[in-house]
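Here's the structure, in structure tokens; my notes come after.
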Amino acid sequence: MKSKKQIALALTLIISLVVKADEGMWLPQLLNAMNIKDMKKNGLKLTAEQIYSVNKSSLKDAIVQFGGGCTAEIVSNQGLILTNHHCGYSSIAYHSTVEKDYLTKGFWAMNKSEEVYTPNLNATIIQRIEDVTARVLKGITATSTEAKKDSITKANIKAIEKEAIAGTHYESFVRPFFYGNEYYLFIVETFKDVRMVGAPPSAIGKFGGETDNWMWPRHNADFSVFRIYANKDNKPAEYSPDNVPYKPKNVIPISLKGYNQGDFTMVYGFPGRTQEYLSSYAVDMIMNESDPLKVSLREKRLNIMNADMLQSDAVRIAYASKYQGIANYYKKWMGEMNGLKKYDAVAKKQLFENQFNDAINSDPAKKEKYGNIFPQLQKVYAEYKVLNKQVDYYSECLMAIEAFTHARNYINLMAELTKKQKGLANTYDKTITEYKKLLFYKGYNKPTDIKICEAMLTEYIRGVPSNSRPYILDSFIVANNNDAKKITNFLFSNTNFVDKEKTEAMLNDFDKYPQLYERDPVFYITSAIVKYYSSTVFPQFQYDEREINELQKLYVQGQKEVFKDKKFYPDANSTLRVAYGKVNSYKPKDGVEYNYYTTLDGIIEKEIPGDEEFDVPVKLKELYIKKDYGQYADKNGKLPVAFTASNHTTGGNSGSPVFNAKGQLIGTNFDRNWEGTMSDIMYNPNQCRNIVLDVRYTLFVIDKFAGAGYLLDEMKLIK
């Protein structure tokens, strides 16, 4: 008979191992085996093959990886795609000038001839996904060293990728899953001619600004519209006026019927990165050390940038996309560390680790294989967290100084020039041609960088001990009595790397007098920084990461072996995934409960006339006063704006389509609630919510506000 302690432990194990319907980012080709029964039980009306199929048209054929870091969905048979405003933001900023300020005023092409090509913007569509684990690991034996395993794995992957696309126009890549316990091959089609079609003004697309970012309730129309173009054979091609709108294999229908609390939802997209299987040592480092440091450093940068952006439209446009990117993760990390603390995440991880140990200790073979995982992780993290702090100071402090990041690029240029002078293969001519375009200065303001340099050097001097700094930089700091302002003034007064005219002159005779620029103080300091971190910090940091990865690989393997009834989903790694849950409200704290949807009424309530974040366009207010909502109002006559659901999402899911049970588009995913940003590390079903732009508000803005209703003629609307 089992003791009460054993029964309690068993119950605890069951509770901890259950994966809620809401949790998980599942590989679509495995839905039939893993999830489809549970999805149908929760309301899904589709088959697994309607979601993912290689041989037939399926929803996967309308899901687009947008720009490498977001998701988009195809909503017309002419290649029209919807994504987030913040995903299209850099493209909108690229085409904006003080005279044509599309960020402030919005942009709408009223016909295809007005659509604007955006250089370097790609749209990628998955063709098929294949399990190649056995082929990748072929040749690896129990006695293979880690170096040998790595060499064999890389060689096998390269061969698999090459063979998979031989004789085709497709591209391929293989990604590891579960820390290298599994490998999958992805065959993709990448379109390089993507044109901007429409974007609302920031007062609508970014309504609420950074104040509302990662927050609920939410009231911004976070969408933009692009179109994929192909050649006359409907295949990817470089930009050409002769290209035509892409004809997709599948088009997503759009529902105007709305949703109710508890309705089934499904998100289909390219989530970026999660770390759900981390140990307590990793979570402790992230929660108590890494996140707080990065938040502190970014906050100082953002304050400086914001002040300068408010003083100048030119600076605002130049830094708009950059500021958004820095601010996004600043606030995300803040919410993440607060959510982890509130959830008592480290203690929960430790409890699970104890349960894992209890389970393996009863089996000598499992104890022999897995029993040393946690002692080894503890040992590695003691060193790794020290190195991680140094890496954070490098990336978030030193390389937050744009003069340094700009000069860092020239280290490569110097290396390529040396190769050219020695008669070796090189890319010097191609690289310097790109540099001569001087694109860096389109988004650069020297006075702002001077302030950031002083602030970041102050933090670096305060936070990094002398013996952990590059010798040359430390000597420079000591010689200037730890005075960051004095150091900054010297650097910016004596460099060619922060002035457009000086850089242009430098590049024109760079191959004749490269030694002149090697002695430039910004280049000299930057080179010393890069050399120190590249030779002293990064190698050991990467070595520890590999060791941690191997231990994590063993840990996940052990969990699968010990807890056979649990369904494991792989961490996100920018590959195609399905998440499912339900439309749901939540309670962020005692005495507070949020509704699951917002309406245009809330925008009017939040309005602060003239405020950068909460100003409401006159036309939108006029439409509100007249209640001119057309077919986009809900059954109560309100205009819906956004809603929350319990789908497990992360960065990269921005722009993902959110489907109802019938596979019809009801919204575009654009954020998570602040309390739920911890879901990249631990999913709390009571707090984690994805935030979705209601497609009815998207269509309302396109039609009623922008007057671009002709775009709706391309779409399949379900009324």
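Computed from the coordinates by the stated procedures, all read-outs in this text should not be read as laboratory data. Since we're looking at a predicted model, the values are computed, not measured. Please note: Cβ atoms are built from the backbone with ideal geometry, for glycine as well, and neighbour counts cover all protein chains shown.
For LYS40, the aspartates and glutamates whose Cα comes closer than 14 Å to its Cα, not counting residues fewer than 8 places off in the same chain, are ASP22, GLU49, ASP263. Near ALA230, the amide H atoms lying under 5 Å from its own belong to VAL244, TYR246; only residues 5 or more places off or on other chains count, and H is placed 1.01 Å from N. Restricted to Cα atoms, segment 105-213 shows a radius of gyration and a Dmax of 21.5, 65 angstrom. The listed peptides 135-141, 268-274, 383-389, ordered by packing as a protection proxy, come out as 268-274, 383-389, 135-141 (highest mean of other Cβ atoms within 10 Å first).
Sorting 313-321, 408-416 by average packing, meaning the other beta carbons within 10 Å per residue, from highest down gives 313-321, 408-416. Entry note: segment 369-415 has Rg to Rh equal to 1.31, where both radii use alpha-carbon atoms and Rh is the Kirkwood radius. Shown here: Cα Rg over 2.2 N^0.38 Å, derived from the displayed model; of the candidates (1) 0.99; (2) 1.62; (3) 1.88, it corresponds to (1). Sequence-ordered 3J(HN,Hα) estimates for segment 550-561 from the Karplus curve with 6.51, -1.76 and 1.60 and θ = phi - 60° stand at 5, 5, 5, 4, 5, 5, 5, 4, x, 4, 5, 6 Hz, glycine and proline given as x. Within straight-line reach of LYS419, meaning a Cα separation under 19 Å, sit the following aspartates and glutamates at least 8 residues removed in sequence or on another chain: ASP429, GLU434, ASP509, ASP511, GLU518. The charge dipole of the chain, taken about its Cα centre with unit charges on the Cβ of Lys, Arg, Asp and Glu (plus for the first two, minus for the last two), comes to roughly 1560 debye. Each residue in SER240, SER90 was given a count of other beta-carbon atoms within 10 angstrom of its own, and listing them fewest first yields SER240, SER90.
Among MET678, VAL701, GLY652, whose Cα sits farthest toward the positive end of the charge dipole of segment 622-719 (+1 at Cβ of Lys/Arg, -1 at Cβ of Asp/Glu, about the Cα centre)? The residue sitting most towards the positive pole is VAL701. When the listed pairs LYS37/LYS719; LYS105/LYS719; LYS385/LYS567; LYS662/LYS716 are checked against a 21 Å cut-off, the alpha-carbon distance exceeds it for LYS37/LYS719; LYS105/LYS719; LYS385/LYS567. Straight-line cross-link partners of LYS486 among the lysines, defined as a Cα under 16 Å from its Cα and at least 8 positions apart when in the same chain: LYS451. Extent along the principal axes, Cα only, for segment 463-563: 65, 36, 20 Å, with the longest axis given first. Each residue of segment 378-392 was assigned a 3J(HN,Hα) from its phi angle through the Karplus expression (A = 6.51, B = -1.76, C = 1.60, θ = phi - 60°), giving 4, 5, 5, 5, 4, 7, 4, 5, 5, 5, 4, 5, 5, 5, 4 Hz with x at Gly and Pro. Here the peptides 392-405, 161-174, 226-239 are ranked by packing, the mean other Cβ count within 10 Å, and the order with the highest first is 392-405, 226-239, 161-174. Neighbour counting of Cβ atoms within 10 Å sorts the residues ASP101, ASP344, fewest neighbours leading, into ASP344, ASP101. The modelled label-to-label distance between ASP358 and SER296, using points 7 Å beyond Cα along the C-beta direction, is 3.8 nm. When the pairs LYS100/LYS192; LYS300/LYS485; LYS437/LYS512; LYS446/LYS485 are compared against a 22 Å limit on Cα-Cα distance, LYS100/LYS192 fall above it. Compute the Rg/Rh shape ratio of segment 280-560: radius of gyration over Kirkwood radius, all on alpha-carbon atoms. In segment 280-560, Rg relative to Rh is 1.06. Each residue of segment 430-444 was assigned a 3J(HN,Hα) from its phi angle through the Karplus expression (A = 6.51, B = -1.76, C = 1.60, θ = phi - 60°), giving 5, 5, 5, 5, 5, 5, 5, 6, 6, 5, 3, 7, 5, x, 10 Hz with x at Gly and Pro. The Cα center of segment 118-188 and the Cα center of segment 602-640 differ in position by 49 Å.
Is there a pair in LYS342/LYS566; LYS294/LYS332; LYS341/LYS560 whose C-alpha atoms are over 20 Å apart, and which pairs would that be? Violating the 20 Å Cα-Cα cut-off are LYS342/LYS566; LYS341/LYS560. Extension gain, PHE490-ASN426: 0.36 nm per intervening residue step, less the Cα-Cα distance, totals 19.6 nm.
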